[in-house]
1. Among helices (runs of 4 or more DSSP H) lying entirely in region 132-240, which contain 2 or more residues that are within 26 Å of PHE250 (Cα to Cα) and touching a helix residue (DSSP H, G or I) at 6+ places or on another chain (Cβ under 9 Å)?
2. Yes or no: region 251-263 includes at least one residue that is at pLDDT below 80, under 21 Å from SER148 (Cα atoms) and touching a helix residue (DSSP H, G or I) at 6+ places or on another chain (Cβ under 6 Å).
3. Where residues in region 74-99 are assigned to a helix (DSSP H, G or I), open to solvent by less than 10 Å² (accessible area, probe 1.4 Å) and of a type in the set (S, T, N, Q), which of them is modelled with the lowest pLDDT?
4. Looking at region 120-143, which of its residues are of a type in the set (Gly, Ala, Ser) and either under 16 Å from the mean Cα position of the chain (by Cα) or over 15 Å from ILE65 (Cα atoms) (or both)?
5. Given the residues ILE174, ILE160, ILE113, which is the only one that is at pLDDT 90 or above, β-branched (Val, Ile, Thr), under 30 Å from SER8 (Cβ atoms) and surrounded by 15 or more Cβ atoms within 10 Å (Cβ to Cβ)?
6. Are any residues in region 23-44 at pLDDT below 90 and of a type in the set (Gly, Ala, Ser), and if so, which ones?
7. Kindly provide the set of residues from region 182-225 that are of a type in the set (A, V, I, L, M, F, W, C) and under 30 Å from PRO171 (Cα atoms), ordered by number.
8. Could you please let me know if PHE47 is at pLDDT 80 or above and either over 24 Å from the mean Cα position of the chain (by Cα) or open to solvent by less than 80 Å² (accessible area, probe 1.4 Å) (or both)?
Amino acid sequence: MRSNRTTSVTEFLFSGFPKFEDGGVLFFIPLFFIYIFIVIGNLIVFFAVRMDARLHNPMYNFISIFSFLEIWYTTATIPKMLSNLISKQRTISMIGCLLQMYFFHSLGNSEGILLTTMAIDRYVAICNPLRYPTIMTPRLCAQLSAGSCIFGFLVLLPEIAWISTLPFCGPNQIHQIFCDFEPVLRLACTDTSMILVEDVVHAVAIIFSVLVIAISYIRIITVILRIPSGEGRQKAFSTCAAHLGVFLMFYGSVSLMYLRFSATFPPILDTAIALMFAVLAPFFNPIIYSLRNKDMKIAIKKLLCSQRMLSTSTS
């Protein structure tokens, strides 16, 4: 907050939300149901993979880890969004803001690395099918999953620690619906040229991941098109369609948000882009993985039927 004299900011005010009096509750209801769907949908995908022995392979293991991360990725921001929509204060403490940035972006980094790993997994499975079982062993699969999460959380620690040392003594209004690097850094009472450095670092990481996934899928599509039978091509494409759809949604929205450098968008467009990658992409992911995959649909039906039988036997 700010007083007549220059004092340290102890909390931030979100200005990207409609006020409660202006119909904030109307946005609360759909966002609340979207969040519930994201949590339940990803939990179903996670447990369906874990409880069906036929899905105990690298591809579905990566999908289950991704679904688990999605739950916490959305939990880092949406509950606070819901609170702000029905609250008149719409504030967050300095520590709360730093923690939100850390967990949201750490989980997002872990998901991005996992998506890159999934692309490489599909590349090996389709382009080197005979060597796939010896390359993607259960041990390597577990190491890649754990490494994605560990690296995703460790790589942001220096950045968050640095931001925590910056002086914040001026305006405390964040023009966004959650704490993010650029809106927060613009409030620091120091040289704002560091924002460009932040943008470059994030851009390099995003472009590198996109290039790895794009090159993998260019190679995959080339190999699939050489398959002589139409049925074989369709089966090969179906194993990659879900991952490709999630990749396009995730990195498409992230690129809109973080690959614009000094370009500025109208506040309403900024909010729409933030909602796209923080809310809508996680909302569609369990739908894509369950509807585009026959084995997954069977596993989900088995999971739901077993839960229904369990509840009827106990009652």
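The values are calculated or read from the model by the stated rules, or taken from the named source; none is laboratory data. Just so we're clear, the structure is a prediction, and the values are computed from it rather than from any experiment. Counting neighbours? That spans all protein chains shown, and the Cβs are built from the backbone with ideal geometry, glycine included. All accessible areas refer to the heavy atoms of the entire protein, side chains included, with ligands and DNA or RNA removed. Shrake-Rupley method; radii C 1.70, N 1.55, O 1.52, S 1.80 Å.
1. Details: elements: 132-135, 138-154, 157-164, 181-185, 194-225.
Passing ranges, in order: 138-154, 157-164, 181-185, 194-225.
2. no
3. Ranking the candidates gives ASN84 first.
4. ALA125
5. Result: ILE160 is the single residue among ILE174, ILE160, ILE113 that is at pLDDT 90 or above, β-branched (Val, Ile, Thr), under 30 Å from SER8 (Cβ atoms) and surrounded by 15 or more Cβ atoms within 10 Å (Cβ to Cβ).
6. Once the filter is applied, which keeps residues that are at pLDDT below 90 and of a type in the set (Gly, Ala, Ser), region 23-44 yields GLY23, GLY24.
7. Kept after step one, since they are of a type in the set (A, V, I, L, M, F, W, C), are these residues of region 182-225: 184-185, 187-189, 194-197, 200-201, 203-208, 210-215, 218, 220-221, 223-225.
Across region 182-225, the qualifying residues are VAL184, LEU185, LEU187, ALA188, CYS189, MET194, ILE195, LEU196, VAL197, VAL200, VAL201, ALA203.
8. No; evaluated as a whole, the condition is false for this residue.
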